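Below is one structure; the comments refer to it alone.
Nothing in this text is a laboratory measurement; each read-out follows from the coordinates by a stated rule. What you see is a predicted model, and the numbers here were worked out from it, not measured in a lab. Note that each Cβ is placed from the backbone with ideal geometry, even for glycine, and that neighbours are counted across all protein chains shown.
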Amino acid sequence: MAFGRYNPSWVVAAGALPPLVPVPRAVARMLSEVLLPHAKRDELTLLHRATCADAAIASTLAASEPALRALFDGAADYQPSLLARATAKARGAPAAAISTISCAAFLSLLEREGELAPVHIHQLSEVTRDPAASRSFSLPAFAAEAKRAFLESSLARQLDVLAVDVPPPEPDALSAPVAPAAPAAPAAPAAPAAPATLAAPATLDFLGFTDCVALCARLRFAPLAAHLQPAPSVAAFLRNLLGETDVAAEVRAATRLHAEERFDPSAEGCAPPDEPLALRALWLRSWGAMSNAELPGWPLPS
């Protein structure tokens, strides 16, 4: 239509016209082939919800709660305000329980434990000179993803608090008749506008901190989804965060190729039934004295 409006002298031959398509079918094709495949999806929110609903991940976090609490208390940089203290006192909760951590402090904590740096490792194998161990695995720098996870967790935590703290209106209040409004008084002259203030920075309490740690684990080890299930990836991230291992060691352990079951000469059925016991004992001593670790393909499958 726009082309025809700005080019009125353009003549299209009858044979060059495209076949007519009904409007509903054209709209359906436009949605399924053009718009929906390229539409932006809020996949981070879906991943966050799936992570919070995973029972195995919740069990892993609960097992590490004392260590996470000590880590959070050491990194928390926002103390509760006077209003927050009064609210906590009215609810019977200690004021220390509502300390929060900022995004900058959270990123600093991850950087201190080596979680933000990129990682590149070569695959290892239990088999000597294994030709299958030829892959490399890389984890990109994690600062941007960690910030996204923090903001997502902060927003979700705020919505959770609002859902708990703001009760729904009473049904009687909704059906009560509205009193007629009083006559409006003459409007006073408008006061000068106050200067705009900056919004409060995003912070996380301890519950939001644990959710964010789990979400960071899913994002950090997402390239290894074929080797690390969700709960083991959270456990690996926790070991990194608590200083027990580093990211490279966890990647090597997750991608390491394991050998097939080794031949056990002492297992039942390996010896002929009529073999003398003395000869059998000599065979076992000879096998134990052999050094096969340098043979290509060791340990050999049975």
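Points worth noting:
- Pairwise label distance in nanometres, L35 with S125, each label 7 Å out on the Cα-Cβ vector: 5.1
- HN-Hα J in Hz across region 48-62 - Karplus 6.51, -1.76, 1.60, θ = phi - 60°, x for Gly and Pro: 5, 5, 5, 5, 5, 8, 7, 5, 5, 5, 4, 5, 5, 5, 5
- The order of L282, L219, going from fewest to most other C-beta atoms within 10 Å of their C-beta, is L282, L219.
- Taking label positions 7 Å along the Cα-Cβ direction at both H258 and D42, the computed distance is 4.0 nm, reported to one decimal.
- Sequence ranges 27-35, 68-76, ranked by mean other-Cβ count within 10 angstrom, highest first: 68-76, 27-35
- Estimated at 0.36 nm per residue, the fully extended path between A267 and R280 surpasses their Cα-Cα distance by 3.5 nm.
- Long-range HN-HN contacts of T245 with modeled amide H, under 5 Å: N240
- Proximity of backbone amide H atoms, modeled 1.01 Å from N, is registered between V119 and L139 at under 5 Å, excluding neighbours fewer than 5 places apart on the same chain.
- Calculated FRET value between K147 and W10, using beta carbons and R₀ = 41 Å, to 0.05: 0.20
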